[in-house]
Structures are given as C-alpha cells and as structure tokens.
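Peer 1: Mind having a look at this structure? Questions to follow.
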Amino acid sequence: MVKPQSNSDSLIIGAGVNGLVTAEALLLRGAAVTVLERGAAGQESSWAGGGILSPLCPWDYPDAVTRLTARGAALFGAWATELHRATGIDPEYEPSGMLLLPPFDRQIAEQWCAAHQVNFAATDDGMLLPDVAQARNPRLMQALRARVEQLGGRIVERCAVQEIIAGRDTIHKLVTTCGEFGAERYIVTAGAWSKVLLGAHALSVDIKPIRGQMLLFKFDAPPLPHIVLQKDIYLIPRRDGHLLVGSTLEDAGFDKGTTGAAREMLLRRASALLPVLRDMPVIRQWAGLRPASPNNIPTIGRHPHLANLYINSGHFRYGVTMAPASAEILLNGISGAPQPFDVSPYRWA
C-alpha cells in the first residue's frame, strides 16, 4: 500500500505519452511530480500506435488539428535526440517520408501543401511528403519513462483513481486503489479513460475509446523506403526490418480484443500494396484504444470551475505527434506564458 502523498506540486493521472511528456516538462521546470497509472506505464494507445508524426492526409482535418500536429512535429526531432542522449534509449526518430497512393484528390492535396509550406513531390504512382517522420512508439515510451524517473519524477503503477474529492472550486485529493494523494495541481492525461475518470467534472469533455488493430511482419531489411498510405491503410517500415500494418477504427467500447475479421482485412489490403506479404507470417496482432474526440481536437487546459484541475487528453489518432506541443501549451497556460498560436480551440469549455 502506497502511503498518502501530499508533497507533489503536480499529480498527473495517466502515464501515456502525454502524461509522461507533461511530467518531463514540469520536472525540467523544477516541479515535484507524481504520475499515477491504472495499469503499466506507457502500455496503452501510446505503445500500440504506429508513430507516424503527421495526420494521414492533413488536408482532411481542421486547422486546430494540423496546427498542433505541425508544432509537435517541428519540436519532435530535437526532443527525441535529447531523450536518446539523456537515457541511452533511441526512440528511432526518422524522417522517412510518406508516399500517398490513389485514390485522393491531388488538386486539394497540392493546394493545401502549398498554402501551408509543406514539401511535396508528385510521383508516377502518387504523392510523396518527404518530411513526414516517424518514431517507434515502444522505444519512445521506454525512453520517456526513463527520463521522467531520471529527473526525479515518481511513477506509481497499478493505481486506479476511485474518487476525486473536490470542494466548491478546487480539488482536495484523490482516493485511489493504493491510497490517497494530494497536490497543488491535478492534471488528467488518462487518454480514453479521461471522461469516465472525471465523472461529473468532465463537463464538455467528450472522449471515448476507439479501437485500432494492427499487424506486424518481419523482413531482413526494410521492405519499403517510405511509409505508404492508401486511404485508411498504412505500412510503416522500421529500421530493423519490422513492418507495421494498420489500422482499424472500431467503436467497441473498452474491448481491446483482436479479431480475425480485422486480421483478414488488413492482410488483404496490405498485400495489394506489397504482394510479398501474402506469403509471410503475421508476427503479431494487437489492438489499442485511441482517446477519440470530436474532429480529432484534444482538450488542453484548466477546468472552468476547479482552479487546480487541468486536462491534456483526447488526441485521438495523433497523441504522439501532438505530445511536445500539447505539453508546451499546457505549461504556458499554467504559467501565463505566451502561446505559440491561438489555443482557444483546445479549451475546456
């Protein structure tokens, strides 16, 4: 049993990518930070995703999404390099580029890229976005956890929040399965579980789980020079020859089970793009629960009525991409520092 804690400046609920990036940012500013995680740190959607550091087709998303992903992607390379240097764990950040295959509206895509200063190149079989990068999610989460602990942060695993004890305008403490915890501020980064955890305090927050299933293959060397995307199916080549194929979008509640139907669909669609996959074994199939929010727009900032309650959640498909920028916005909001752009779309209304 963990003893009640009251010596943290910040208590973060959820040890996914946005929880740990927020913890890292606060620790670098000298805060005392405790992170509570209902399961194992970094093992939910942050682990399960493919790590493409871009919206799949950015012209299909509102500006509030692409502004945040662009900021996150711009910060990612230097941040990943520092994680590697500090921890010795390589997140495998790599600007591998992404090849889009038809069908897509080439005119709209090229106009959007030109208007947003995004490099692109027309190819015989599609359109290449050469600056799109990727990270390897499991390695990223290992590095991030190590960095948080290196900086003095405390991560308490298998510690589920049971009740939020609040007064008229502040949170007083959390009751959890491993004791009571108190802090100056409370930050919810619980992904797909955020709305359920907040209960009556959620207000306008509309976050629910959307299951995504993926397949893994192994080659001797990377079988593709770029990420390949066709409609909603993508192939992600890793440095060591692993190839990820994803993914589904399923409204299945909190069920993380995998299905034969998803396996067959992903294998059929991927084999049409890379025929050699027809004769290769699937090394692994898994599922994660994305924290889905309307229009893929996360909620970042302070609660309208509870002065010491904050949220950084609801990033849907792009939590890893948005993570550095989301933490930046949250901390600017806490400290009163200027924001890099208009952050009103992310406010807790």
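Peer 1: Using the Kyte-Doolittle scale, which helices in the chain average at least -0.5 and also have C-alpha atoms spread 24 Å or more along the helix axis, with helices defined as whole DSSP H runs?
Peer 2: Answer set is 63-87.
Peer 1: Under 5 Å between amide hydrogens, which residues at least 5 positions from W286 or on another chain qualify, with H placed 1.01 Å from N in the peptide plane?
Peer 2: HN-HN under 5 Å from W286: M214.
Peer 1: Fewest Cβ neighbours within 10 Å first, please rank S271, S96, S335 accordingly.
Peer 2: So the residues, fewest neighbours to most, are S335, S271, S96.
Peer 1: Only bridges whose two residues both fall in the chain count here: according to DSSP, what percent of them are antiparallel, nearest 5?
Peer 2: Looking only at bridges with both residues in the chain, the antiparallel portion is about 70 percent.
Peer 1: Dividing the alpha-carbon radius of gyration of segment 295-349 by 2.2 N^0.38 Å (N being the number of residues), what value is obtained?
Peer 2: Taking N as the residue count of segment 295-349, the ratio is 1.06.
Peer 1: When a footprinting reagent is the concern and you count Cβ atoms within 10 Å, what order do D220, D206, D124 take, fewest first?
Peer 2: D124, D220, D206
Peer 1: Report the local net charge at E82: Lys and Arg +1, Asp and Glu -1, summed over other residues whose C-beta lies under 11 Å from its C-beta.
Peer 2: Here the charged neighbours net out to +1.
Peer 1: Mind checking the full-extension length gain between H305 and Q117? Use 0.36 nm per residue of separation minus the Cα-Cα distance, one decimal, nm.
Peer 2: Here the answer is 63.7 nm.
Peer 1: Give the Rg (one decimal place) followed by the Dmax (whole number) of segment 106-236, computed from C-alpha coordinates and expressed in Å.
Peer 2: Just the Cα atoms of segment 106-236 yield Rg and Dmax of 21.9, 63 Å.
Peer 1: Which whole number in µm²/s is D for the chain by Stokes-Einstein, with the Kirkwood Rh taken over Cα pairs at 20 °C and 1.002 mPa s?
Peer 2: The Stokes-Einstein estimate is 104 µm²/s.
Peer 1: Across the chain, how many lysine pairs, 8 or more positions apart or on different chains, have C-alpha atoms separated by under 22 Å? Please give the number.
Peer 2: The number of close lysine pairs in the chain is 5.
Peer 1: Would you please state which residues of segment 292-314 a label at R347 would reach in this model, taking the label point 7 Å out along Cα→Cβ and a backbone N cut-off of under 20 Å?
Peer 2: Answer for segment 292-314: 294-314.
Peer 1: Here is a follow-up. What's the exposure ranking of S344, S326, going from fewest to most Cβ atoms within 10 Å?
Peer 2: Neighbour counts put them in this order, fewest first: S344, S326.
Any read-out appearing in this document is the output of simple, stated calculations on the displayed coordinates, not a laboratory observation. Since this is a predicted model, take the numbers as computed values, not measurements. Here the Cβ is made from the backbone with ideal geometry for all residues, glycine too, and neighbour counts use every protein chain on show.
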